Amino acid sequence: MARSLSIYLRLFVGIFVLSCWSAQTIRGQSSYSRQATISETGGKTRLVANDSRPLAQALDALQQKYGWRVNYEDPQYTSALDLIDAKGMREKSSYPNGQHRVPNGGAFVAELGAASTANALPDEKETLQRLIDSYNRSSNPGRFELREERTEQFFDVVGTSAHDNQGRMSKQQALLDLPITIDSQERTFSDTVDSVCQKLTEKGHITITFGVHPLGLDRVLVTVGGKDLTGRSFLSRIMASTNRKLCWRLLFDPDSNSYFLNLQLVKIQ
């Protein structure tokens, strides 16, 4: 019974954070887009996003179009310069005094180049680097860097900076870079990811809660362990053991000053 309640609670909080992220929210005079668009004309590729997290929305669009496996991690958004009240959100009424804050993102356009030959996919690393460079030149919140995991053949887009309370762009510790130790034993997929979140919470002194993930993984058994490995190394090994094409979204919630770790399948539309 306790296990079932834990699963339902995880699903609730994870879905709630995702709904806050994807809801069409009023920002000034315009609404956020439901998804980013990618257009290819004249040998050039243009990506247009408009969201509280436009870089994450852009990555979702690239994954859906090309099947790329790219993880995403928010920095910690704590400054008023990086946050906005979530006006117009249905979920807002669930908060005390109707207040809820989200990252102060908005419109974002990136020119990404094109594939070298017709019907070929664009170069993944080059495209992602162009996207991040373009984002880091924009006025949207946070600054990011691209990491390549060559063994498992995927990329991480890691939030490395955000405004501090003095209004300066300040470097931050990426929580998934922290070294942790987990005993090697057979556990369910969910219990193993929970262990990683708990160890990172203890090490980084900021709560990480395991949120939503594809159905069926709760019944999958995995054996993962190691000493002084980074959180992202553990997550990569856990996901690889499922034989599914998964990626993560580590999303910061400024109201609770905590993170939610959501996992999703990479699908091509």
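Bear in mind these aren't lab numbers, they're just calculated from the coordinates by the rules spelled out. The model shown is predicted, which means the values in this text are computed figures rather than measured ones. Counting neighbours? That spans all protein chains shown, and the Cβs are built from the backbone with ideal geometry, glycine included.
Worth a mention:
- Its relative contact order, with pairs defined as Cα atoms under 8 Å and 6+ residues apart, puts the stretch 170-220 at 38 percent.
- Legend: calculated FRET efficiency, N243 to A80, from the Cβ-Cβ distance at R0 = 41 Å, rounded to 0.05, equals 0.40.
- Label-point gap, in nm, between E152 and E202 - each point 7 angstrom along Cα→Cβ: 2.2
- Listed residue pairs exceeding 23 Å between alpha carbons, taken from K65/K199; K171/K245; K44/K125; K65/K171; K44/K245: K65/K199; K171/K245; K65/K171; K44/K245
- Neighbourhood charge, 12 Å Cβ-Cβ cut-off, centred on K199 and excluding it, Lys, Arg +1 and Asp, Glu -1: -2
- Estimated from the Cβ-Cβ distance and a Förster radius of 30 angstrom, the FRET efficiency linking R46 and Q173 is about 0.30.
- Theoretical gain in end-to-end length, K227 to S139 [0.36 nm per residue, Cα-Cα removed]: 27.7 nm
- Here the Karplus curve 6.51 cos²θ - 1.76 cosθ + 1.60, taken at θ = phi - 60°, turns the phi angles of the stretch 178-188 into couplings of 5, x, 9, 10, 10, 5, 7, 7, 7, 9, 6 Hz, with x standing for Gly and Pro.
- Theoretical gain in end-to-end length, Q35 to V109 [0.36 nm per residue, Cα-Cα removed]: 25.3 nm
- Efficiency of FRET between Y66 and D218 - r from beta-carbon atoms, R0 30 angstrom, step 0.05: 0.55
- Highest average first, the peptides 197-208, 102-113 ordered by how many other beta carbon atoms sit within 10 Å of their residues are 102-113, 197-208.
- Once the chain from Q264 to D123 is taken as fully extended at 0.36 nm per residue, the excess over their C-alpha distance is 48.5 nm.
- For N104, nonlocal amide neighbours, meaning residues 5 or more places apart or on other chains whose placed amide H falls under 5 Å from its own, are L83, I84.
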